[in-house]
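Here the structure is laid out as C-alpha cells; the discussion comes afterwards.
The values are calculated or read from the model by the stated rules, or taken from the named source; none is laboratory data. Treat the numbers as computed from the prediction; the structure is a model and nothing was measured. No Cβ is skipped: glycine too gets one built from the backbone with ideal geometry, and neighbour counts run over all protein chains shown. SASA here: full protein model, heavy atoms, side chains in, ligands and nucleic acids out. Shrake-Rupley method; radii C 1.70, N 1.55, O 1.52, S 1.80 Å.
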Amino acid sequence: MKYQDKQGKMYLIYCYNRVRNTWKIEDYPFTGRIMEVDESYVMRFVRENKLKEVAE
C-alpha cells in the first residue's frame, strides 16, 4: 500500500514474507532506501509518522 506523510513524502509498505512476518518499507518513487521490519514496527512507523493511505 502507498502511504503519504504531511510533507508529501510517500512510502510503499508491503508484506514481503508471510511465513517470517517480514514487511518492507520503501521510499516512493524508489530511491534505493529499503527497510525490512516486522508487522509491529510497520504499525508504529505509520502511527508515529502520521501516514495516510493513498489510493493507487
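Below, the figures for the structure above:
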| read-out | value |
| --- | --- |
| The chain - percent relative contact order, Cα under 8 Å, separation 6 or more | 37 |
| Summed side-chain charge close to ARG44 - residues other than ARG44 whose Cβ falls under 14 Å, Lys, Arg +1, Asp, Glu -1 | -1 |
| Protection-proxy order for peptides 40-46, 2-8, each taking the mean of Cβ atoms within 10 Å per residue, highest first | 40-46, 2-8 |
| Note, ³J(HN,Hα) from phi for region 36-46, Karplus 6.51, -1.76, 1.60, rounded to Hz, x at Gly and Pro | 9, 9, 8, 4, 5, 5, 4, 4, 5, 4, 5 |
| Kirkwood Rh (inverse of mean 1/r, distinct Cα pairs), the chain, angstrom | 11.4 |
| Environment charge at LYS2 (Cβ cut-off 14 Å; Lys +1, Arg +1, Asp -1, Glu -1) | -2 |
| Formal net charge of residues neighbouring ASN21 (Cβ-Cβ distance under 9 Å; K, R +1; D, E -1) | 0 |
| Count of Lys pairs (Cα-Cα under 15 Å; at least 8 positions apart or interchain) in the chain | 7 |
| Per-residue [θ]222 nm for the chain (sum of -39500 (n - 2.57) over DSSP H runs n ≥ 4, rounded to 500) | -5000 deg cm²/dmol |
| Accessible area expressed per residue, the chain, with surrounding protein chains retained (probe 1.4 Å, Å²) | 76 |
| Stretch gain in nm, segment GLU48-GLN4, where the contour uses 0.36 nm per residue and the Cα spacing is subtracted | 14.6 nm |
